[in-house]
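The values are calculated or read from the model by the stated rules, or taken from the named source; none is laboratory data. All values reported here derive from a predicted model rather than from experimental measurement. All Cβ positions, even for glycine, are placed from backbone atoms using ideal geometry, and neighbour counts span all protein chains on display.
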Amino acid sequence: MSGLRTPLTRRAFLAGSAAAGLALVPGCGAPAPAAAPALRLRPAAMTLDLAGTPARTWGYGTVPGPEIRLRAGEVLRVQVDNALPEDTTVHWHGLAPPNAMDGVPGVTQRPVRPGEEFLYEFPATVPGSFMYHSHVGMQLDRGLYGPLVVEPRDEPLAYDREYVLMLDDWADGLADHTSHRGGGRPPPPPVDPRDVVSFGGRTYPALLVNGRPPQDPAVLEGRPGDRLRLRVMNVAADTGFRFAVAGHRLTVTHTDGMPVEPVAVDTVRLGMGERCDVLVQLDRSGGAWQVAAQPEGRPGLGRAVLRYTGSPVSTAPPPDARPAELDGRLVGYDELLAVDPLPLPAGGPDRVFDLTLEGTEISGQSYPDADPLPVVEGQRVRLTMRNTGAKWHPMHLHGHHFQVLTASGRGPVKDTVAVPAHGGEVTIDFLATNPGRWLFHCHNHHHMEDGMVRLVEYRR
């Protein structure tokens, strides 16, 4: 068993969705005749097998939840049947739905109460690698998440096989973390803290790749000469990762689902909420190779295994084998060139916000006692973020894509950007074209629960 589900087309997903927490339900109201039936997600208590250790958690039938895959322009229709003992929602991370479909309780919708249903329905117009997850409290820190892939009408990339890899830090069923304030603190780093990249301050007893611990890794398979596409997604609550494949280079093709000019590197860094698509050329004669997710600023290793087929079976590397590529060439935002930059109007921005990230506050304020960021539809909006703290902050904007401003003038188009610690600064521009009230927050879920949130509010 590989531990990885075969990637699903929408047709196959619809055919098999009655399993693993999903089912088909008839359309609600009076949909157009061509409307597809809604997919059903059922968040509920479940048990996750962690290499023989049963861990009680919450999920959508599996961890990660079932892959949702559709083509650009199709309508996403998902009905949530809440079987949990508390409220829940689903947020479509990286997509830009109408405001009422964004899944933020108390801001865009009333939460889905226990025993209630809610239908999410909107067109998925932009292709890319996205995620879905609960946006209530620390529910994401359990198993309430899954991958969402929107395929382009015409795929420009050539590859033989594709895998989705979801990286996670895990405590549910293994340690007490009923509150985001719980959890142990890691030991002090052995070097100058300014040289340590760290996204969080808590320890997690397990690091998972596709819901599997290092002792029971997922397996990626390919033949010599194949080209693999890996959609790597960091869904962790408190951990940034470096990702690498032993013995192989990575060609970065997308960041947060948006295409960039290809860049060959050894390793990539993903803050929480970030995604990165890479191509891996299987140019070895065979063997089994470590696919590593190293947490930034703390010990441990998450992993999968890349196994060549059509060659003698090789022993998998030890769970803690650390690829040298993790210390190799690391791509930065300034090296990524957007294939399709945002159509930003000429001249400067219409609205500018200078924000300071201090601990878990934004410019000295904590949500909900924080000033909104007012914008007007049609404006070009600029956010400049300066991080004075010791932790990197992955800042995520709901409902929009933004462009990271770099010297090239063609910085990557993203929805989540990691702002370095100790004075790091990042500037982004976005177009205010999706009216509503939208969250802008740190995607360290502990920081978000502490109030590291602002609302972007459209006004007349």
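Any residue that is over 17 Å from the mean Cα position of the chain (by Cα), surrounded by 19 or more Cβ atoms within 10 Å (Cβ to Cβ) and at pLDDT 95 or above - is there at least one of those in the range 88-106?
Yes; the residues of the range 88-106 include at least one that is over 17 Å from the mean Cα position of the chain (by Cα), surrounded by 19 or more Cβ atoms within 10 Å (Cβ to Cβ) and at pLDDT 95 or above.
Is the range 389-399 home to any residue that is touching a Pro at 6+ places or on another chain (Cβ under 8 Å), under 27 Å from residue 131 (Cα atoms), free of Cβ contacts under 8 Å to residues at least 40 places away in the same chain and buried (at least 18 other Cβ atoms within 10 Å of the Cβ)?
No.
If I go through the range 36-58 residue by residue, how many of them are assigned to a loop (DSSP other than H, G, I, E, B) and out of contact with any strand residue (DSSP E or B) (no Cβ under 7 Å at 6 or more places or on another chain)? Steps first, answer last, please.
So the first thing to find is which residues in the range 36-58 are assigned to a loop (DSSP other than H, G, I, E, B), and the list is 36-37, 42-43, 51-52.
Right, trim to out of contact with any strand residue (DSSP E or B) (no Cβ under 7 Å at 6 or more places or on another chain) and you get 51-52.
Of the residues in that region, 2 qualify.
Among the strands (runs of 3 or more DSSP E) confined wholly to the range 363-460, which include 2 or more residues that are within 23 Å of the chain's Cα centre (by Cα)?
Strands (runs of 3 or more DSSP E) meeting the threshold: 380-387, 393-397, 402-404, 416-419, 424-431, 437-442, 453-458.
When you scan the range 420-460, how many residues do you find that are free of Cβ contacts under 8 Å to residues at least 12 places away in the same chain and either surrounded by fewer than 17 Cβ atoms within 10 Å (Cβ to Cβ) or not hydrophobic (A, V, I, L, M, F, W, C) (or both)?
The qualifying residues number 0.
Identify all residues within the range 240-256 that are farther than 22 Å from residue 222 by Cα and out of contact with any Phe, Trp or Tyr (no Cβ under 6 Å at 6 or more places or on another chain); write none if there are none. Show your work before the answer.
Narrowing the range 240-256 to residues farther than 22 Å from residue 222 by Cα: 240-242, 255-256.
Correct list: 241, 242, 255, 256.
Checking residue 340 against (1) out of contact with any Leu (no Cβ under 9 Å at 6 or more places or on another chain); (2) of a type outside the set (Val, Ile, Thr); (3) part of a strand (DSSP E or B), which single condition isn't satisfied?
The single condition residue 340 does not satisfy is (3).
Within the range 362-373, identify whether any single residue is without any contact (Cβ under 8 Å) to a residue 12 or more places away in the chain and of a type in the set (A, V, I, L, M), and answer yes or no.
There is no residue in the range 362-373 that is without any contact (Cβ under 8 Å) to a residue 12 or more places away in the chain and of a type in the set (A, V, I, L, M).
From the residues in the range 343-362 that are in a strand (DSSP E or B) and either surrounded by 15 or more Cβ atoms within 10 Å (Cβ to Cβ) or of a type outside the set (D, E, K, R) (or both), which one is modelled with the lowest pLDDT?
My answer is 358.
Go through the range 59-150 and tell me which strands (runs of 3 or more DSSP E), entirely inside it, have 2 or more residues that are under 20 Å from residue 166 (Cα atoms).
Here the list reads 68-71, 91-93, 128-133.
Is it the case that the range 306-324 has a residue that's surrounded by 14 or more Cβ atoms within 10 Å (Cβ to Cβ) and within 21 Å of the chain's Cα centre (by Cα)?
no
If the requirement is being outside the structural domain of residue 372 (by TED's automatic domain parsing) and surrounded by fewer than 19 Cβ atoms within 10 Å (Cβ to Cβ), which of these qualifies: 140, 144, 119?
Numbers: 140 fails: surrounded by fewer than 19 Cβ atoms within 10 Å (Cβ to Cβ); 144 fails: surrounded by fewer than 19 Cβ atoms within 10 Å (Cβ to Cβ).
From the options 140, 144, 119, the qualifying one is 119.
Among the residues of the range 352-370, write down those that are under 13 Å from residue 386 (Cβ atoms) and touching a strand residue (DSSP E or B) at 6+ places or on another chain (Cβ under 6 Å).
Of everything in the range 352-370, those that are under 13 Å from residue 386 (Cβ atoms) and touching a strand residue (DSSP E or B) at 6+ places or on another chain (Cβ under 6 Å) turn out to be 353, 354, 355, 356, 357, 362, 363.
Contact list please: Cβ distance under 6 Å, first residue in the range 345-360 and of a type in the set (Gly, Ala, Ser), second residue surrounded by 15 or more Cβ atoms within 10 Å (Cβ to Cβ), pairs at least six apart or on different chains.
Note: pairs meeting the criteria are 359/389.
Yes/no matrix, rows are residues, columns are (1) over 20 Å from residue 445 (Cβ atoms); (2) modelled with pLDDT under 95; (3) crowded, with 23+ Cβ neighbours inside 10 Å:
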position	(1), (2), (3)
224	yes, no, no
229	yes, no, no
237	no, no, yes
244	yes, no, yes
248	yes, no, no
253	yes, no, no
257	yes, no, yes
261	yes, no, no
265	yes, no, no
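Tell me which of these residue 168 doesn't satisfy, since it passes every other one: (1) in the same structural domain as residue 210 (by TED's automatic domain parsing); (2) under 24 Å from residue 274 (Cα atoms); (3) surrounded by fewer than 24 Cβ atoms within 10 Å (Cβ to Cβ).
So residue 168 meets the others, but not (3).
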